[in-house]
Amino acid sequence: VVSSPDLIVVDLDDTLYPQAEYLAGAWKHVAETAGRYGTDPAALHAHLTRVCAERGSGGGAIIDTALHRTGADPVLAPVLVAAFKAFRPAHLPLYPGVQAALAGLARIAPVVILTDGDPDTQHAKLDATGIREHVAGFCITDELGGRHLRKPDPAGLLHLCATFNADPARTVVIGDRPGKDLAVAHATGSRAVRVLTGEYAGQANDPGCVCVTLPTFAAAADHVASF
Ligand SMILES: [Mg+2]
């Protein structure tokens, strides 16, 4: 029997806005920084985007590999990693229909964001998307006590449930990544809705994963409204 949820937990990156937009700005900033140290910014930029596409944004050592392929001095790597972390986007576009979908969900239950990543970066994304005013709260898992609490660790989801007096079994998680968003819902006995947007859209669900899969966040919100 499905019923109206106590709490709606929503992922940020690639669920509410395209993370590729953030990465595009970050690689541009890294290349421009390298240009000030005598490296060809256009060549480095081309390698950064290519390496990121090859191994995925979470693949690691993207800057080191791109520097190597550009033939640039590897001593630049720490400066460029710092530039990547310091990048603050001025504006990030939400996916179409997200604002209206969030407003619709908010009439059903509190809507909160559960997101992983460097806290300064995730705060910058919350600011650049303008999303803060459209949700009842958020949790950046690292701020609870470290990166070991990132999804699929249940700490963030349980923290939000406690804060909003919600039963995890009556909570819905909407997100794009099987190994994070769907796995954390599985860990807490929450319902899961997968959206097929962003970098991980082609990734298969884990065996045994129980979730509804929809193309967009707007469609996912319509589905949750039908519970
Ligand atoms: Mg995501």
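Data for the structure
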{"read-out": "Shape of the range 9-100, Cα gyration tensor, a/c cut at 1.5", "value": "prolate"}
{"read-out": "For the range 82-149 versus the range 2-33, the gap between their alpha-carbon centres in whole angstrom", "value": "7 Å"}
{"read-out": "Cα gyration tensor, the range 97-227 - rounded (a/c under 1.5), prolate or oblate", "value": "rounded"}
{"read-out": "Principal-axis tilt of helix 41-55 within the chain, Cα atoms, nearest 10 degrees", "value": "40 degrees"}
{"read-out": "Whole-percent pair-distance distribution, where bins are 10 Å wide, for the alpha carbons of the range 180-219", "value": "29, 59, 12"}
{"read-out": "Taking N as its residue count, the alpha carbon Rg of the range 45-84 over 2.2 N^0.38 Å", "value": "1.05"}
{"read-out": "Ellipticity estimate at 222 nm from DSSP helix runs (n ≥ 4, -39,500 (n - 2.57)) divided over the chain, nearest 500", "value": "-12500 deg cm²/dmol"}
{"read-out": "If the convex hull is drawn through the Cα atoms of the range 1-53, its volume per residue in Å³", "value": "87 Å³"}
{"read-out": "Dipole moment magnitude, nearest 20 debye, the chain about Cα centre, only Lys, Arg, Asp, Glu C-beta charged", "value": "100 debye"}
{"read-out": "Translational diffusion of the range 147-209, µm² s⁻¹ [Kirkwood Rh, Cα pairs; Stokes-Einstein; 20 °C; 1.002 mPa s]", "value": "180 µm²/s"}
{"read-out": "Prolate/oblate/rounded label for the range 49-150 (Cα gyration tensor, a/c 1.5)", "value": "prolate"}
{"read-out": "Calculated FRET value between Arg55 and Gln99, using beta carbons and R₀ = 25 Å, to 0.05", "value": "0.15"}
{"read-out": "Unit charges at the beta carbon, dipole of the range 106-227: most positive-side option, Thr163, Val195, Ala109", "value": "Ala109"}
{"read-out": "Rg(Cα)/(2.2 N^0.38 Å) for the chain, N = residue count", "value": "1.08"}
{"read-out": "Signed unit charges on C-beta, dipole axis of the range 1-101, positive-most listed residue Pro74, Ile63, Trp27", "value": "Pro74"}
{"read-out": "The range 20-112: trypsin sites (Lys or Arg not before Pro) falling in loop per DSSP and having at most 11 other Cβ within 10 Å", "value": "Arg36, Arg107"}
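Quick note: the coordinates plus some simple rules give every number you see, no bench work behind them. As the structure is a computational prediction, the values presented were derived from the model and not from experiment. Backbone-built Cβ (ideal geometry, glycine too); neighbour counts: all protein chains shown.
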